[in-house]
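The values are calculated or read from the model by the stated rules, or taken from the named source; none is laboratory data. The structure displayed is predicted, hence computed values, not measured ones. Cβ placement follows ideal geometry from the backbone for every residue including glycine, while neighbour counts extend to all protein chains displayed.
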Amino acid sequence: MIGQLRGTIVYKQPPELMLDVNGVGYELQASMTTFGELPEVDAETTLFTHFVVREDAQILFAFSSVAERSLFRTLLKVNGVGPKMALAIVSGMTVLEFSQYVHAGDVTGLCKLPGVGKKTAERLIIEMRDRLPEASMDSTTTSPPVVPPTQTRKGKETEAVNALLALGYKPAQASRMVASVSNANANTNDELSVEQMIREALKASLS
């Protein structure tokens, strides 16, 4: 199994990116938390990976930390949770945040994640509580990189919406989430990157 890759970022368009490792391009799907920590294109980075084989596809998932990958792998053991939902969960919350929701038994908070209904949220709480010791969770993150000024706000909004769609949000919901973040930032001098738009939209949906 491929557990770790170190290489140069060829392109990144959430939730997908390509990493050039000694001339071999690995197509990866990454969480939004990981995207927020990636350096710019052409920079080198190290990612922890998990390989999923299905009848119709072989997908390599990438994470910036072992803790995040560990949560993803543990989620896959929960009945009814597949790779897409697991990626949406680790994208919408940090490892520590998810642990806090589970230990608090917060069904309502978990239901705000795409694809997570009441029954799934209750199952997550029951099956994950004993597997998530809060003290061991590492939620340390770094500031996301700044997107080059050549990318327009509209273009970034479109990429952000597409990323949310890939995570399982419905078109109208994804558009509304991104528009809300963009409008809230319209009167400031700080330009949000695509990754920041996505993270802010995800945070707002959970508040």
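Here is a yes/no grid of residues against (1) in the same structural domain as residue 110 (by TED's automatic domain parsing); (2) touching a helix residue (DSSP H, G or I) at 6+ places or on another chain (Cβ under 8 Å); (3) not in a helix (DSSP H, G or I):
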site: 59; (1), (2), (3): no, yes, yes
site: 73; (1), (2), (3): yes, no, no
site: 77; (1), (2), (3): yes, yes, yes
site: 84; (1), (2), (3): yes, no, no
site: 87; (1), (2), (3): yes, yes, no
site: 90; (1), (2), (3): yes, yes, no
site: 96; (1), (2), (3): yes, yes, no
Sort out which residues of region 46-60 are over 12 Å from residue 1 (Cβ atoms) and touching a strand residue (DSSP E or B) at 6+ places or on another chain (Cβ under 6 Å), and write them in order of number. 46, 47, 59
Hey, does region 8-24 have a residue that's under 22 Å from residue 203 (Cα atoms), at pLDDT 90 or above and surrounded by 17 or more Cβ atoms within 10 Å (Cβ to Cβ)? yes
Give the residue that is modelled with the lowest pLDDT, with candidates limited to residues of region 25-43 that are among the charged types (D, E, K, R) and part of a loop (DSSP other than H, G, I, E, B). 37
